[in-house]
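**Q** Attaching a single structure in structure tokens format; questions to follow.
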Amino acid sequence: MKIICIGRNYRAHAKELKNEVPTEPVIFLKPQTAIPPKKHPFFYPDFSQDVHFEVELVVKINKIGKHIEERFAHKYYDEIGIGIDFTARDIQEECKKKGLPWEKAKAFDGSAALGEFIHKKDIEDLNSIEFSLKQNGVEKQKGISSDMIFSIDQLISYVSKYFTLKIGDLIYTGTPKGVGPIEKGDLLEAFIYNKKLLEIKVR
Ligand code: MG
């Protein structure tokens, strides 16, 4: 099982980090060990002083596929969930400056918090899924999938040109604006519409 993450998929977020709006999807991977065991807290890593939350819709692949055409991409997933792409922003900035890969900043243990999934049948319009993140009860990020630069189907198609998709693979589809730092003791909660699908403490 692999975790494929999309960077800069929302204009306002690309801008808040002073990045260019991409003309094709930005892809990076996280290993399976990035998913913390269920009910476990997020342990603040000692190598960073600036870990940020990034709430993202997550697509769970249900079928093996390679070179998937966009018009068939919807057949490759049944469930949508929510996750947090925890990012050591200080390490990422260093990597970006040096032109190095991001894995130390993005793919460390626990960096891919994952909540419950809902069946796509229970979502009225897959092109306008509303989701949000609260930090200590205060809403910090609010997104809607219609603001994605590359839609879920476009992402599945694009990613499958490079990587064979397998059952259980996850695609983290990018974060909307409003990312920010976490602190030990924080409670993070993530929602699709008003349904809470993820809750994680920071230790
Ligand atoms: Mg992200």
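The values are calculated or read from the model by the stated rules, or taken from the named source; none is laboratory data. Quantities reported herein were computed from a predicted structural model and do not represent experimental measurements. All Cβ positions, glycine included, derive from the backbone under ideal geometry; neighbour counts span all protein chains shown.
**Q** Return the residues of the range 157-196 that are more than 16 Å from the ligand (Cβ to nearest atom), under 14 Å from the mean Cα position of the chain (by Cα) and hydrophobic (A, V, I, L, M, F, W, C); say none if nothing qualifies.
**A** 191, 192
**Q** Additional query: Within the range 104-112, is there a residue that is among the charged types (D, E, K, R), over 28 Å from residue 46 (Cα atoms) and assigned to a helix (DSSP H, G or I)?
**A** no
**Q** Exactly one of (1) over 19 Å from residue 55 (Cβ atoms); (2) surrounded by 15 or more Cβ atoms within 10 Å (Cβ to Cβ) is unmet by residue 147. Its number?
**A** The failed condition is (1).
**Q** When only residues in the range 32-69 that are farther than 26 Å from residue 177 by Cβ and among the charged types (D, E, K, R) count, which is nearest to the chain's Cα centre (by Cα)?
**A** In this case the residue turns out to be 38.
**Q** Now for a separate question. Taking the range 21-54 on its own, how many of its residues are more than 22 Å from residue 114 (Cβ to Cβ) and either crowded, with 20+ Cβ neighbours inside 10 Å or within 16 Å of the ligand (Cβ to nearest atom) (or both)?
**A** 3
**Q** From the list 4, 91, which one is within 16 Å of the ligand (Cβ to nearest atom), under 17 Å from the mean Cα position of the chain (by Cα) and either loosely packed, with under 14 Cβ neighbours inside 10 Å or modelled with pLDDT of 95 or more (or both)? First the steps, then the outcome.
**A** Details: 91 fails: under 17 Å from the mean Cα position of the chain (by Cα).
The unique qualifying residue is 4.
**Q** Okay, next question. Are any residues in the range 114-143 free of Cβ contacts under 8 Å to residues at least 24 places away in the same chain and either within 16 Å of the chain's Cα centre (by Cα) or in a strand (DSSP E or B) (or both), and if so, which ones?
**A** Scanning the range 114-143 gives 138, 139.
**Q** Here's another thing I want to ask about it. Looking only at the range 122-140, filter to residues that are of a type in the set (A, V, I, L, M) and closer than 14 Å to residue 10 by Cβ; which one of those is surrounded by the fewest Cβ atoms within 10 Å (Cβ to Cβ)?
**A** 129
**Q** In the range 144-177, how many residues are out of contact with any helix residue (DSSP H, G or I) (no Cβ under 6 Å at 6 or more places or on another chain) and without any contact (Cβ under 8 Å) to a residue 40 or more places away in the chain?
**A** Residues flagged as out of contact with any helix residue (DSSP H, G or I) (no Cβ under 6 Å at 6 or more places or on another chain) and without any contact (Cβ under 8 Å) to a residue 40 or more places away in the chain within the range 144-177 amount to 1.
**Q** Looking at the range 67-76, can you tell me whether even one residue there is assigned to a strand (DSSP E or B) and out of contact with any Pro (no Cβ under 9 Å at 6 or more places or on another chain)?
**A** No, that holds for no residue.
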